[in-house]
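*Asks:* I am attaching a structure below and will ask some questions about it afterwards.
Each value in this text was obtained by applying a stated rule to the coordinates, not by laboratory testing. Computed from a prediction, not measured in an experiment: that's the story for all the values here. Because the Cβ atoms are built from the backbone with ideal geometry, glycine has one as well, and the counts that use them run over all protein chains shown.
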Amino acid sequence: MKISMKKRKVGYTYGSVSGHFAFRKQKSIAFESTLERDLLTLLEFNDSVDDVIEQPLTIEYVNHNGRAVTYTPDFLVDFKEAEASLLKRPRKPLLIEVKPREKLQKHFKELKPRFKVAMRYAHANDMIFKIYDESKIRTPYLNNILFLKRYKRLTYREEDESNILAYINSSGSITIEAVIEYLFISKEQKSIGLGQIWHLLANKKLLCNFSKMLDKQTIVWVNDNLLFGGDDV
């Protein structure tokens, strides 16, 4: 088995959607399908992710017919170092293959040798190899991220933001509905206030359980790291 660090060029694939994803305004990452694009959306929102590289390496190996063939994983994901105070082990880098479930089921016999080679390579290099299909990507978590994106760059009154954060901070954790009912009076004010809470969640000044669908009964709390001197992500 040989490894080539020369990345395979991402190109157009018939029947798929390709493009470039602006990852945290720091780099452009190529994708070859909407499923890959959606995974990049998840990775961008995940604060523990430090970097993502598309098609980072090519593994050369000999198949069961004695032919020299290659396999290129879709992404390599590096994670930020764990804080020593949390006594957590650093997360191992992830080598990721993205495939629709239908293709996995239909072509698994053909794909299995490639995946086994990738698993061996990952194990030998202190990585983890994972396969992602729709069930792992297109989740309520993704739906929430896409919903919040429309509020991320909107602007609201700083005074209202301070009032919202102060009230939630004093409450510890509280439903969105309770915040709106306490701080706003008119229907119009409540509508604007709700949008501002979505904005604060999109920018992670507020946090919640993002894996559950967002609504007015969602419990939110203040992200102390962002408010009081932590690193913005």
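*Asks:* Please state, to two decimals, what the Cα-based radius of gyration of segment 85-217 comes to when divided by 2.2 N^0.38 Å (N = residues).
*Replies:* 1.51
*Asks:* Next question. Amide H of I174: which non-local residues (sequence gap of 5 or more, or other chain) have their own amide H closer than 5 Å, using H built in the peptide plane?
*Replies:* V220
*Asks:* Exposed loop chymotrypsin sites (Phe, Trp or Tyr not before Pro) only (DSSP loop, at most 12 other Cβ atoms within 10 Å): please give the longest stretch of the chain free of them, not including the sites.
*Replies:* Counting only loop sites that pass the neighbour cut-off, the longest clear stretch is 15-227.
*Asks:* When the chain is modelled as a GNM with alpha-carbon springs shorter than 10 Å, which of R101, R89, R120 fluctuates the most?
*Replies:* Among R101, R89, R120, the largest GNM mean-square fluctuation belongs to R89.
*Asks:* With the alpha-carbon atoms as the only input, what is the per residue convex hull volume for segment 39-110 in Å³?
*Replies:* For segment 39-110, the hull spanned by Cα atoms encloses 125 Å³ per residue.
*Asks:* Using only the Cα atoms of segment 61-158, what are the Rg and Dmax in Å?
*Replies:* Cα only, segment 61-158: 18.8, 67 Å (Rg, Dmax).
*Asks:* Restricting things to alpha carbons, tell me how big segment 17-65 is in terms of Rg and Dmax, in Å.
*Replies:* When restricted to the Cα atoms of segment 17-65, Rg and Dmax are 13.7, 45 Å.
*Asks:* Additional query: What ranking do M119, M127 get, fewest neighbouring Cβ atoms within 10 angstrom at the top?
*Replies:* M119, M127
*Asks:* For the chain, what value does the Rg/Rh ratio take when both radii are computed over Cα atoms and Rh is the Kirkwood radius, given to two decimals?
*Replies:* Answer for the chain: 1.06.
*Asks:* At most 11 other Cβ atoms within 10 Å plus a DSSP loop assignment makes a site exposed; report the longest stretch of the chain without any exposed GluC sites (Glu not before Pro).
*Replies:* Result, exposed sites excluded: 84-233.
*Asks:* Between K103 and R150, what is the FRET efficiency for a Förster distance of 30 Å, r being their Cβ-Cβ separation, to the nearest 0.05?
*Replies:* Approximately 0.45, to the nearest 0.05.
*Asks:* Rounded to whole Å and ordered largest first, report the semi-axes of the equivalent ellipsoid of segment 152-227 derived from its Cα gyration tensor (root of 5λ).
*Replies:* Value: 16, 14, 13 Å, ordered largest first.
*Asks:* Specify the inter-centroid distance of segment 157-177 and segment 82-156, based on alpha-carbon positions, in whole Å.
*Replies:* The two parts, judged by their Cα centres, are 34 Å apart.
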